[in-house]
């Protein structure tokens, strides 16, 4: 039965289904506009803002001081999907930035040169910048803000995994040494926030924000698990982008905890009633990399027109700051637990970019994956480096079909819709052939 058919409710379920199905996307869009509204009016209320990033935003510490968190990656994404990114990128290049620089960075520079004018509102200048070493670009990006606004910048240095297959975890000597190192940096950030805001640190307020993050992380992990359902209850690329915006923008806030509690309730309902996305699911796919935002809707349609459903995405791992692990803080020991949580989740973010092959292999069977789509982008070498080797490793370990298509997440000058469509069409034609062969010869010859 197609998902479109399933969306036609039976009489007893009519009222509940009408009220719950689609609620997450609708509420997410509403709350996101409110979030931008808060940022726009923050200077009028003399409230402080911090420029941060999705991989290790330190939102819990910042929120304990009532400092707004502003994500340049999210701002850039919104510029791209609203088809205005080229204007900002062009202005940054005229200002002197190379065509090879990350599109997110140039879109942000253009935004700053325009005094914060953004299609979603007015982005206020920062009181400070906070970033981790999860992305090499973060460090140079924050230096731009430091020069523009003469604000303090804080680097949270997270020791990465020692080597593939030799991870360190709580209780091990290396991990405990790393945790002490991160804990010392957290204390430095607290002192900096006290200097910037003129307020004393309130550990009970930190506990409150951490409790909300715990709920969000727990629900995020469950949200990802729920797409094992057939049909998938959401599209991990399109719907997932809405969910990611909420996960980052509302991290540590009661609205965020409520949103994800309600979202999981919606997806549990859809899974229990066999309700999928609004197209017939024929092939179940995993996505690796960052989506193509300049033609976001069309990029998705290239797959859904063939019945391709993205049931999983590495983007939901690293761009959520490692929330996919469902890590929960120990509120009785907030500072120690925050240090541990940063180590665990930011490391996972980095490993999800560089060593995602094992996670992808592990999800093929439980998620019923028919194909994996790799999407390296010109702008971001951090995410894209190694994807070809990653693909090779997955193909050697499994017989799952793969597609490797290149474009960009911001700059439409390097996005060729026609070339993408040709590659996608050929991929699905191959999937159809594999499925026909499987049907005629039996499962011993491999997956569809």
I'd like the residue in region 119-156 that is in contact with a helix residue (DSSP H, G or I) (Cβ under 7 Å, 6 or more places away or on another chain), in contact (Cβ under 8 Å) with a residue 60 or more places away in the chain and part of a helix (DSSP H, G or I) and, out of all such residues, is surrounded by the most Cβ atoms within 10 Å (Cβ to Cβ).
141
Out of all the residues in region 428-438, is one or more within 23 Å of the chain's Cα centre (by Cα), at pLDDT below 95, on the phi < 0 side of the Ramachandran plot and part of a helix (DSSP H, G or I)?
no
With the requirement that a residue be touching a residue at least 24 places away in the same chain (Cβ under 8 Å), out of contact with any helix residue (DSSP H, G or I) (no Cβ under 8 Å at 6 or more places or on another chain) and not in a loop (DSSP other than H, G, I, E, B), what does region 57-111 give you?
78
Taking into account only those residues within region 277-294 that are over 26 Å from residue 74 (Cβ atoms) and at pLDDT below 95, which is nearest to the chain's Cα centre (by Cα)?
279
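For region 173-186, what are the residues that are touching a helix residue (DSSP H, G or I) at 6+ places or on another chain (Cβ under 9 Å) and surrounded by 13 or more Cβ atoms within 10 Å (Cβ to Cβ)? Working first, answer last.
The initial filter retains those residues of region 173-186 that are touching a helix residue (DSSP H, G or I) at 6+ places or on another chain (Cβ under 9 Å), namely 175, 178-186.
Once the filter is applied, which keeps residues that are touching a helix residue (DSSP H, G or I) at 6+ places or on another chain (Cβ under 9 Å) and surrounded by 13 or more Cβ atoms within 10 Å (Cβ to Cβ), region 173-186 yields 175, 178, 179, 181, 182, 183, 185, 186.
Kindly evaluate residue 160 against the criterion of being more than 21 Å from residue 71 (Cβ to Cβ) and either modelled with pLDDT under 95 or in contact with a helix residue (DSSP H, G or I) (Cβ under 7 Å, 6 or more places away or on another chain) (or both).
Spelling it out, residue 160 is indeed more than 21 Å from residue 71 (Cβ to Cβ) and either modelled with pLDDT under 95 or in contact with a helix residue (DSSP H, G or I) (Cβ under 7 Å, 6 or more places away or on another chain) (or both).
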Quick one: how many residues across region 210-238 are within 20 Å of the chain's Cα centre (by Cα) and either in a loop (DSSP other than H, G, I, E, B) or buried (at least 22 other Cβ atoms within 10 Å of the Cβ) (or both)?
17
Which residue is nearest to the chain's Cα centre (by Cα), if the candidates are limited to region 368-390 and must be part of a helix (DSSP H, G or I) and touching a residue at least 60 places away in the same chain (Cβ under 8 Å)?
383
Tally of residues being surrounded by 24 or more Cβ atoms within 10 Å (Cβ to Cβ) and over 15 Å from residue 84 (Cα atoms) across region 94-114:
1
Please state which of the following conditions residue 200 fails to meet, knowing it meets all the rest: (1) over 24 Å from residue 158 (Cα atoms); (2) in contact (Cβ under 8 Å) with a residue 12 or more places away in the chain; (3) in contact with a helix residue (DSSP H, G or I) (Cβ under 8 Å, 6 or more places away or on another chain).
(2)
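Report, by residue number, each residue of region 385-401 that is surrounded by fewer than 19 Cβ atoms within 10 Å (Cβ to Cβ) and modelled with pLDDT of 90 or more. Quick ask: steps written out before the conclusion?
As a first pass, look at region 385-401 and keep what is surrounded by fewer than 19 Cβ atoms within 10 Å (Cβ to Cβ): 385-386, 388-389, 392-393, 395-399.
Across region 385-401, the qualifying residues are 392, 393, 395, 396, 397, 398, 399.
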For region 366-381, give me each residue that is surrounded by fewer than 19 Cβ atoms within 10 Å (Cβ to Cβ) and more than 22 Å from residue 228 (Cα to Cα).
381
Output yes when any residue across region 423-436 is in contact with a helix residue (DSSP H, G or I) (Cβ under 6 Å, 6 or more places away or on another chain) and more than 20 Å from residue 363 (Cα to Cα), and no when none is.
yes
Checked region 1-34 for anything touching a strand residue (DSSP E or B) at 6+ places or on another chain (Cβ under 9 Å) and modelled with pLDDT of 95 or more; matches are 33
Could you tell me which of the residues 350, 363 is part of a helix (DSSP H, G or I), surrounded by 17 or more Cβ atoms within 10 Å (Cβ to Cβ) and out of contact with any strand residue (DSSP E or B) (no Cβ under 8 Å at 6 or more places or on another chain)?
350
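If the requirement is being within 13 Å of residue 428 (Cβ to Cβ), in contact with a helix residue (DSSP H, G or I) (Cβ under 9 Å, 6 or more places away or on another chain) and either in contact (Cβ under 8 Å) with a residue 12 or more places away in the chain or not in a loop (DSSP other than H, G, I, E, B) (or both), which of these qualifies: 299, 303, 279, 310?
303
The values are calculated or read from the model by the stated rules, or taken from the named source; none is laboratory data. Here the structure is a predicted model, which means the values were calculated and not measured. Methodologically, a virtual Cβ is constructed for each residue, glycine included, from the backbone with ideal geometry; neighbour enumeration extends over all protein chains shown.
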